[in-house]
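Please treat every number below as a calculation from the coordinates, not as lab data. Model, not experiment: these values are computed from the prediction. Here the Cβ is made from the backbone with ideal geometry for all residues, glycine too, and neighbour counts use every protein chain on show.
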Amino acid sequence: MTSPWSASWQGTVDKVLGRKHSAANAKSRIRTLLVYDRTDLNPTIMEKMKDDIIAVIGKYAAVDVDRAAVRMVLDHHTQRLTAEIPLRTVTERAKRPDTTPA
Amino acid sequence: MAAKVITVTSGKGGVGKTTTVANLAAALAAEGQRVVCIDLDIGLRNLDVVLGLENRIVYDLVHVVEGSCRLRQAMIKDKRVPELYLIPAAQTRDKSAVTPEDMVRICNQLRADFDFVFLDCPAGIEAGFRNALAPSDLVLVVTNPEVAAVRDADRIIGLVEAEQKGPAQLILNRVRYAMVERGEMLSTEDVLDILAIELIGVVPEDAAVITAGNLGSPASLDKELLVGQAYRDIAARLLGRDVPFLSLKPKTWLEKLGTFLNGGNTQ
């Protein structure tokens, strides 16, 4: 049985050492869960949506597919979809062959 | 004065809805409020047992709905506090025996003569939840600091808002101070950050709740218990009093000694 005194001491030690405990894990799992619960989406649909977004943008510009990311952000009761689509510049494309889907 | 109808719900089962209803109702009645609690878990009633009134049931909610008894006849009076009544759920019927309209009608009948009507909602988001939500003036969502309970609470909060019965308020139940300190349990701040809802109370996990359940006597009637104090504080907030949130840190032996030497006066 741990006394509350040693518990808070342990908490301080963990904070100083930057140790992560299961509560942090629980919190991030809930955040991910709720994003999908609240929007009725799932990781498979998200992946498909990402491909579609890249395809649309790819019609007009060269997308750096490997670094593209589409994610859901949970901001209290507001859900936001953020898409980060890096574009490849003309010089980059000259150095590296084009990988953008046609 | 018209009663406030308070729905206690959670989505997930086993987080402490019935215990919460029993404790808040008893605490308010101990303060001289006139309180009725209604068990809406048709087929799986529990509130009668938690309040220790199971041996005195003659009529139940379904009898009232069907008109086979008067409302007053189904109300069991608790003898420990001045004005606390229970309308038990039927044990041998299914949820379809009661409709949301029935609940609105029954609660309206009770409003004139009471200060608080508590509706103990069954787990889930089906018929029983709809029945408990229809007449509600205030929804209290009970959750525990764990993944499944918080997830279900979020769903319930969304449904309450969709039914225009929000904003709901949160009771975080079964918090273990030492585990939160060690980072092994979600803190109140973590849960509020995720659910973005107003907090009305934090209740520590306490073996005394089990003992109280064995005796059929709500912990909120025991002035010695921290968990009882947590419930009494929520009751006070329901009465519109501005009560600071209590520290769930258990007392050290030195503090306990101090309280003892002070003649048991915790102030």
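Tabulated values for the structure
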| read-out | value |
| --- | --- |
| The protein assembly as shown: C-alpha gyration tensor shape, a/c 1.5 cut-off, then a/b vs b/c | oblate |
| Residue-averaged [θ]222 nm for chain B, counting only DSSP H segments that reach four residues, each worth -39500 (n - 2.57) | -11000 deg cm²/dmol |
| Shielding by partners - mean other protein chain Cβ count within 10 Å, residues of B:143-155 | 3 |
| Length released on extending from B:ALA236 to B:THR211, taking residue separation times 0.36 nm less the Cα-Cα span | 6.6 nm |
| Placed amide H near B:VAL5: partners under 5 Å, 5+ positions off or other chain | B:VAL117, B:ASP137, B:LEU138 |
| For the range B:71-205, size of Cβ-based charge dipole, Lys and Arg +1, Asp and Glu -1, in debye | 620 |
| Where labels lie 7 Å past Cα in the beta-carbon direction, separation of A:ALA69 and B:ARG70 in nm | 6.9 |
| From phi via Karplus (6.51, -1.76, 1.60), per-residue ³J(HN,Hα) for the range B:4-17 in Hz, x at Gly/Pro | 9, 9, 10, 9, 10, 9, 7, x, 6, x, x, 8, x, 4 |
| Considering only the range B:1-153, percent of DSSP beta bridges that pair antiparallel, nearest 5 | 10 |
| Karplus-derived 3J(HN,Hα), 6.51/-1.76/1.60, for each residue of the range B:60-66, Hz, glycine and proline x | 9, 4, 5, 4, 5, 4, 7 |
| Among B:LEU195, B:LEU71, B:LEU133 the positive-end extreme of the charge dipole of chain B (Cβ point charges) | B:LEU71 |
| Calculated from backbone phi, Karplus (6.51, -1.76, 1.60) coupling profile of the range B:120-133 in Hz, x at Gly/Pro | 8, 7, x, 5, x, 10, 9, 3, x, 5, 4, 4, 6, 7 |
| Net charge of neighbours whose Cβ lies under 15 Å from the Cβ of B:VAL243, counting Lys and Arg as +1 and Asp and Glu as -1 | -1 |
| Packing-based exposure ordering (other Cβ within 10 Å, fewest first) of B:ASP48, B:ASP120, A:ASP52, B:ASP233 | A:ASP52, B:ASP233, B:ASP48, B:ASP120 |
| Which of B:GLN169, B:ALA149, B:ALA25, positive extreme of dipole for chain B (C-beta unit charges) | B:ALA25 |
| Tensor-based shape of the range B:50-147 (alpha-carbon gyration tensor, a/c under 1.5 rounded, otherwise prolate or oblate) | rounded |
| Prolate/oblate/rounded call for the range B:138-177, Cα gyration tensor, a/c under 1.5 rounded | oblate |
| Anchor B:LYS251: lysines whose Cα lies under 30 Å away (excluding residues fewer than 8 positions away in-chain) | A:LYS15, A:LYS20, A:LYS27, B:LYS17, B:LYS223 |
| Total formal charge among the other residues, if their Cβ is under 11 angstrom from that of B:LEU86, Lys/Arg +1 and Asp/Glu -1 | -3 |
| Cα→Cβ-extended label distance, 7 Å offset, between B:VAL243 and B:GLU224, nm | 2.0 |
| Average other protein chain Cβ within 10 Å of Cβ, residues B:177-190 | 6 |
| Peptides ranked, highest mean first, by Cβ atoms within 10 Å: ranges B:29-37, A:85-93 | B:29-37, A:85-93 |
| Given charges at beta-carbon only (K, R positive; D, E negative), |dipole| of the protein assembly as shown in Debye | 520 |
| Too-long pairs where the Cα-Cα distance tops 32 Å, listed order kept, from A:LYS50/B:LYS165; B:LYS4/B:LYS95; B:LYS77/B:LYS165 | A:LYS50/B:LYS165 |
| Residue among B:LEU246, B:LEU170, B:LEU238 with the largest mean-square fluctuation in a Gaussian network model of chain B, springs linking Cα atoms under 10 Å | B:LEU246 |
| Estimated dipole of the range B:1-133 in Debye, rounded to 20 [Cβ of Lys and Arg +1, of Asp and Glu -1, Cα centre] | 140 |
